[in-house]
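The values are calculated or read from the model by the stated rules, or taken from the named source; none is laboratory data. The shown structure was predicted, so the numbers you read here are calculated from the model rather than taken from an experiment. Neighbour counts are summed over all protein chains in view; Cβ atoms, including those assigned to glycine, are modelled from backbone coordinates with ideal geometry.
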Amino acid sequence: MRVLIAGLGDNKDFGLKSLRDAGHFVGVIDLPHRIPVNLCDWWRAGDRFSVDSMLEEASSADFTWDAVLCWEELSTDIAREVARKLGVPGTRMPAGHFRDKGLMHGRLRQEGLPTPQLGVARTLQECEELAEGRFPLVVKPTDYGGSGGVQVVTGPDGLAVAFRSAATLSASGRVAVDRYVRGKEYSVEAVTWAPGDTEVLAVTEKHLTRPPYCVELGHVVPAVLPDADREALAAATRAALDALGMEAGVCHAEFRMTEEGPVLMEVAGRPAGGQIPRLVELATGWNINLAELAAVAGQRIRPSEPAAECAAIRCFVGDGVTPFTHPVTLANASRPPLLGTLRELRYSAGEGTVHRVPRGPEDRLGYALFAGTREEVSAALAALDQGTEVYRGD
């Protein structure tokens, strides 16, 4: 198939390789510096926030496309409109339900599903009215991506700064105000083959920085949790996707597990970021990117044999004080527990520089990716964490 990725995002090499290794012709439209041209069969620089720009570039090819996908959160609704105008398959879900957190949680409430959202504010006064007496709470843009602009607020004094930060990143200027939910954080990666037919591919354990920003520092696949909790997460994901009108595509749903059961924070109608698709394939055999394309094309695929029992990633960040040192070195990479489990290592910052406490994914300074038995992977993560407690949201 000739597959167009209309909005790629950062660090999506695994997805591009997956499609090409499966024999597909892959094209990409995005900002030129985000396109790994060596992994594409065709590419164009285009405005990923403009249907007209995307459509113009897509139509410049001297062939027809067979499907349009999008892996950039901010462009998903635009890419679906490009697919519609080209007359080719794309992901199928209602516009806005998976992009606008106000619409999302409003729909969930209508369907009687638990949601932490207190409401949506356009002004600081509205935000203060929603927040009154409900601290701690979470303030976030309604229509941004990743964890950008998300902040835990513990009292009235921090509300104005958090509101303005979220409103600045929100394209609509609207800010969601959520009650703070205590409980371990997980994500569910799933594919919807057809309306009402969703299959869970993996449950991912989330590692975070501590509040107020709760930036994701790592993921472990599969998560360790009781079977009853795993099934509850799967059931909650299916219920949310049915309520939001998912028809065909994949999702990345984020939950906190409370004593009353899972509470959905938000769900994206796209493959997960943070190298989660690679972790899922290593530990389960499911390729999320190929599953998405199959669902869009009206087909089904099955997982391959997993390469490992467990896979995990640890992201590196600064603390605002300590000069950054590379956690994986020539010495410790050459012996267990890193030896034999380390699958990929990247640094985006040199040693000796001081970096602020992370406020979003843009503050990550690199990562190490591991695969092996659960014991081996746990030992490798422990070696990098050096005894520091990993925050899970509880």
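Things worth noting here:
- Top-ranked residue in segment 118-143 [being farther than 18 Å from Met104 by Cα and in a loop (DSSP other than H, G, I, E, B); ranked as modelled with the lowest pLDDT]: Gly133
- Residue under evaluation Leu279, criteria (1) over 15 Å from the mean Cα position of the chain (by Cα); (2) assigned to a helix (DSSP H, G or I); (3) not small (Gly, Ala, Ser), criterion not met: (1)
- Taken as a whole, the structure leaves Glu375 outside the set of residues that are under 20 Å from Val221 (Cα atoms), loosely packed, with under 15 Cβ neighbours inside 10 Å and under 24 Å from the mean Cα position of the chain (by Cα).
- Residues (over 10 Å from Ile5 (Cβ atoms), outside any loop (DSSP other than H, G, I, E, B) and among the small types (Gly, Ala, Ser)) located in segment 26-46: Ala45
- Every residue from segment 30-52 that is in contact (Cβ under 8 Å) with a residue 24 or more places away in the chain, farther than 23 Å from Phe14 by Cβ and crowded, with 16+ Cβ neighbours inside 10 Å: Val51
- Some residue of segment 296-304 being surrounded by 12 or more Cβ atoms within 10 Å (Cβ to Cβ), in contact with a Pro (Cβ under 9 Å, 6 or more places away or on another chain) and outside the structural domain of Arg80 (by TED's automatic domain parsing): yes
- Complete set of residues in segment 95-113 that are in contact with a helix residue (DSSP H, G or I) (Cβ under 8 Å, 6 or more places away or on another chain), outside any helix (DSSP H, G or I) and within 25 Å of Arg182 (Cβ to Cβ): Glu111, Leu113
- Of the residues making up segment 252-272, those that are crowded, with 21+ Cβ neighbours inside 10 Å and either part of a loop (DSSP other than H, G, I, E, B) or in contact with a Leu (Cβ under 6 Å, 6 or more places away or on another chain) (or both) number 6.
- Filter result (closer than 23 Å to Asp100 by Cα, at pLDDT 95 or above and either assigned to a loop (DSSP other than H, G, I, E, B) or among the hydroxyl-bearing types (Ser, Thr, Tyr) (or both)) within segment 183-219: Tyr186, Ser187, Thr192, Pro195, Gly196, Thr198
- Test result for Leu345, of a type outside the set (Asp, Glu), touching a Phe, Trp or Tyr at 6+ places or on another chain (Cβ under 9 Å) and assigned to a helix (DSSP H, G or I): no
- Residue within segment 275-292 that is closer than 15 Å to Phe98 by Cβ and at pLDDT 95 or above present: yes
- Taken as a whole, segment 324-337 holds no residue that is crowded, with 17+ Cβ neighbours inside 10 Å and hydroxyl-bearing (Ser, Thr, Tyr).
- Sole exception among (1) at pLDDT 95 or above; (2) within 24 Å of Pro361 (Cα to Cα); (3) part of a loop (DSSP other than H, G, I, E, B) for Ser147, by number: (1)
- If you go through segment 329-385 and keep only what is without any contact (Cβ under 8 Å) to a residue 12 or more places away in the chain and either aliphatic (A, V, I, L, M) or not assigned by TED's automatic domain parsing to the domain that holds Leu279 (or both), you end up with Leu330, Ala331, Leu339.
- Residue within segment 15-25 that is surrounded by fewer than 16 Cβ atoms within 10 Å (Cβ to Cβ), outside any helix (DSSP H, G or I), more than 22 Å from the chain's Cα centre (by Cα) and not aliphatic (A, V, I, L, M) present: yes
- One residue from Leu339, Leu369 being modelled with pLDDT of 95 or more and in a loop (DSSP other than H, G, I, E, B): Leu339
- Residues that are touching a helix residue (DSSP H, G or I) at 6+ places or on another chain (Cβ under 9 Å) and of a type in the set (Gly, Ala, Ser) were ranked within segment 1-39; the one that is modelled with the lowest pLDDT is Gly9.
- Note on segment 223-251: residues that are in a loop (DSSP other than H, G, I, E, B), crowded, with 20+ Cβ neighbours inside 10 Å and touching a residue at least 60 places away in the same chain (Cβ under 8 Å) amount to 1.
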